[in-house]
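J.: Attaching a single structure in structure tokens format; questions to follow.
Bear in mind these aren't lab numbers, they're just calculated from the coordinates by the rules spelled out. Everything numeric in this text was worked out from a predicted model, so none of it was measured. Neighbour counts are summed over all protein chains in view; Cβ atoms, including those assigned to glycine, are modelled from backbone coordinates with ideal geometry.
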Amino acid sequence: MIRDKFKLIKPGVYEMPKEAGMLVPARIYASETLLNAVEQDAIQQLINTAYLPGIQKYAIALADMHSGYGFPIGGVAAMDVNEGVVSPGGVGYDINCGVRLVKTNLTEAEIRPKLRELINLLFQEIPAGVGETGKLRLTNDELDELLVGGAEWAVKQGYGLKEDLEGIEEYGRMPEANPGKVSDIAKKRGRPQTGTLGSGNHFLEIQKITEVFDESIAEKFGLKKGQITVMIHCGSRGLGHQVASDYINVMLKAMGKYNIKVPDRQLNCAPINSPEGQDYLHAMNAAVNYAFANRQMILHWTRGVFEKVFGRSAEDLGMHLLYDVCHNIAKFEEHDIDGIMKKVLVHRKGATRAFPAGRPELSEKFRKIGQPAIIPGSMGTASYVMIGTQECLTETFGSVNHGAGRVMSRHGALRQKKGSDVLRELEAKGEVVKSTSLAGLAEEMPEAYKDIEEVVEALEISNVGKRITKHVPLGVMKG
Amino acid sequence: MFRYLEHTADVLYEVEASSLEELFADAGKALSNTMIELDSVKKTGEYEIKLENESIEGLLHDFLDNELILIQTDLVAFNDFKVSILEKNKKFFLQAKCFGEKIDKAKHEIKTDIKAVTWEYFKAWKEKNKWKCKVLLDV
């Protein structure tokens, strides 16, 4: 078994030494139970990423790893900027899929009687599901402005507050975005979907903090036990999906030109400094900005729904954005490579940046504490706010996992339970759940995912992350 | 005939057909059925896809990509396809009629959105007298 090639080298860290064409060793940050549950395909995908030209230190997979395309989901790979490649598969089809967490000063007692009304109204205000279009009708020029401006553009248009930008990676806008590198088809797919939640595992959740693990940091984040929070999970919709598809086709052709040989064609890539690599990065950044703007608009409408239901202003309800993380992205960052600080391109495919205190990228608010890393669980189970450790920076290029990670196929889930049963079970637990699709609800049932408790515990065992707060769902809107 | 296979996170399917045209049509149906239940869709409209590619595999991938784009940009649900494929000067030319209607949440059984047709496991091949393919959709 391929899994047996990985040996425990320290608590929670398994390593496979270099072999055949691997340029670096491969590492998995997980518990033994989690590792044993990983599909062989996903492990092979991790090994394959170690073949990518310019890869630094090791090919990494985190505790939620599962089978992806080329890269495993839960994968991290950092590339030398001169010798290395950029791979659209290392970012994924849903460019800048991410999560944001919004605080409130509400309690369960205040929100419980209004839950159904809130979820119903959120459904009215935020389009979700297959074939649903957004409220915005953007002209070509406006869409281009959005692709350049990201969440900053959204705030300028009146969606949310300037202070929100302090709580978003890159202040909600990747600078090197070029809408001219985004195809007309990608724009055609993305335009009607602007301001929509999407479907699959995307959701909007009203949660309650049930546990605080580090009082001091939680206080600095403005989080406390019993507090109600709102979590939004979505990405760059059809625009990002099409950017990925378009550039995968470009890279498939370019690999021969640059004489790049990889074990799986889905790992297609091009040198970072090649025209193909640069074009992809500029288009990817535009899609990143689309997703930032999308989540910003959804936050704005969420505030509006709460204002309407409670008859109080969002400010009065304490609805401040805690943080927004990207979990499908490639970014230029400086990291310690064998004792020297070096600029690398970090691919995070289903992995969340979790920079500890001191990193210059963090806004002033978080520079002395470290950024909140938001780890959503599956629908119906807990989510966590964590913080990366200094070891996280040196071990995993400042990354933690992006969620619980699936363990059961969608078909397996459908065979096991009907959507209506899943709904009944969640509602029996006191959750208010609404979805655009009953089948989709069954596919996303809690049992289809790894145990989030075990996943976050694995992060602590390997000393890359620390739990700050635990959030359990009270109301779920699923696309 | 299409059949969904086990995959942890996404939708993997295979098709077995007695002709190349049927392979494309059934692969198209499987994609459509992932988003909206085929049986809930009526054939009231007709859309066309025209493509060319140097390989059958490339042509199939492009066909599915284009079907997905049509669904998402024209907001239409398909339940049947009529495909013709010609080979000329080492190139394959496809002309497909896609039958369906505008997506209507009140009428259709909506399932899940598709992000992309991936290249992972992607394969189209002939085995004995049958055409087969394997497709993984990112959902």
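J.: What is the angle, in °, between the Cα long axis of helix A:140-156 and the longest principal axis of the Cα atoms in chain A? Nearest 10 is fine, range 0 to 90.
T.: 70 degrees
J.: How many angstrom lie between the C-alpha centres of region A:382-397 and region B:102-139?
T.: 37 Å
J.: Long-range amide H contacts for A:Leu106: which residues qualify at under 5 Å (H placed 1.01 Å from N, peptide plane, sequence gap of 5 or more or a different chain)?
T.: A:Ile228
J.: So, one more: How far apart, in nm, are two points set 7 Å out from the Cα along the Cα-to-Cβ line at B:Gln95 and at A:Glu219?
T.: It works out to 7.6 nm between the two label points.
J.: Using alpha carbons only, how many degrees (0 to 90, rounded to 10) separate the axis of helix B:20-35 from the longest principal axis of chain B?
T.: Computed tilt is about 30 degrees.
J.: Would you mind checking the tilt of helix A:237-257 against the longest principal axis of the Cα atoms of chain A, expressed as 0 to 90 degrees and rounded to 10?
T.: Taking Cα atoms only, the helix is inclined about 0 degrees.
J.: To the nearest 0.05, what FRET efficiency results for A:Arg312 and A:Gln124 with a Förster distance of 22 Å applied to their C-beta separation? The partial results should precede the final answer.
T.: Working: r = 20 Å, r/R0 = 0.89.
With a Förster radius of 22 Å, E is 0.65.
J.: Based on the mean of other beta carbon atoms within 10 Å per residue, what is the order of A:71-78, B:16-23, most packed first? Don't jump to the answer; show the numbers that get you there.
T.: Details: A:71-78: 29.8, B:16-23: 17.0.
Ranked by mean Cβ neighbours within 10 Å, highest first: A:71-78, B:16-23.
J.: Based on alpha-carbon centroids, what's the gap between region A:338-361 and region A:407-449 in Å, whole number please?
T.: Each part's Cα centre sits 36 Å from the other's.
J.: If you count, for each residue, the other Cβ atoms within 10 Å and average over each peptide, how do A:341-347, A:1-7 line up from highest to lowest? Numbers along the way, then the final one.
T.: On the way: A:341-347: 19.4, A:1-7: 13.1.
Ranking, from highest mean packing down: A:341-347, A:1-7.
J.: Please compute the average number of Cβ atoms from other chains found within 10 Å of each residue's Cβ in peptide B:99-112. List each step's numbers first, then the result.
T.: Working: counts 0, 0, 0, 1, 4, 1, 6, 0, 0, 2, 3, 11, 11, 14.
Taking the mean over all residues of the peptide, I get 4.
J.: What pairs in A:Lys225/A:Lys434; B:Lys91/B:Lys111; A:Lys208/A:Lys418 have C-alpha atoms more than 32 Å from each other?
T.: B:Lys91/B:Lys111
J.: Work out the mean other chain Cβ neighbour count within 10 Å for the residues of B:119-126 and drop it here as an integer.
T.: 4
J.: Same structure again: So if each residue of separation counts as 0.36 nm, and I subtract the Cα-Cα distance between B:Glu52 and B:Lys88, what length gain in nm does that give?
T.: On the way: separation 36, 0.36 × 36 = 12.96 nm, distance 1.01 nm.
Taking 0.36 nm per residue and subtracting the Cα distance, the gain is 11.9 nm.
J.: Using alpha-carbon pairs under 8 Å, 6+ residues apart, how would you state the relative contact order of region A:280-422 in percent? Mind showing how you got there, number by number?
T.: Numbers: 173 pairs, mean separation 23.6, N = 143.
Over region A:280-422, the number comes to 17 percent.
J.: Skipping prolines and chain starts, which residues have an amide H placed within reach, meaning under 5 Å, of the one on A:Gly370, given they are 5 or more residues away or on another chain?
T.: Residues meeting the criterion, in which the H sits 1.01 Å from N, are A:Ala357, A:Gly358.
J.: While we're on this one: Packing-wise, with mean Cβ within 10 Å as the measure, how do A:126-136, A:416-426 rank, highest first? Before the final figure, lay out each step's value.
T.: Working: A:126-136: 20.8, A:416-426: 16.5.
Put in order of decreasing packing, that is A:126-136, A:416-426.
J.: Over all residues in A:125-133, what is the mean tally of Cβ atoms on other chains that come within 10 Å of each residue's Cβ? Intermediate values should be presented prior to the final figure.
T.: Working: counts 0, 0, 0, 1, 6, 15, 14, 5, 1.
Average neighbour count from other chains, rounded to a whole number: 5.
J.: Roughly how many whole Å is it from the C-alpha centroid of region A:93-117 to that of region B:16-64?
T.: Each part's Cα centre sits 39 Å from the other's.
J.: Now for a different question. If you filter region B:1-98 for trypsin sites (Lys or Arg not before Pro), then keep DSSP loop positions with at most 10 other Cβ within 10 Å, what is left? Mind dumping the intermediate values first?
T.: Values: sites: B:Arg3, B:Lys29, B:Lys42, B:Lys43, B:Lys50, B:Lys82, B:Lys88, B:Lys90, B:Lys91, B:Lys97; in loops: B:Lys42, B:Lys43, B:Lys90.
Here the sparse-neighbourhood loop sites are B:Lys90.
J.: Output ³J(HN,Hα) for region B:112-120: one whole-Hz value per residue in order, computed from phi by the Karplus curve 6.51 cos²θ - 1.76 cosθ + 1.60 with θ = phi - 60°, and x for Gly and Pro.
T.: 10, 6, 10, 8, 6, 8, 8, 9, 5
J.: Sticking with this structure for a sec: With viscosity set to 1.306 mPa s at 10 °C, what whole-number translational diffusion coefficient in µm²/s follows for the protein assembly as shown from Stokes-Einstein and a Kirkwood radius over Cα pairs?
T.: On the way: Rh = 24.2 Å.
This corresponds to a translational diffusion coefficient of 65 µm²/s.
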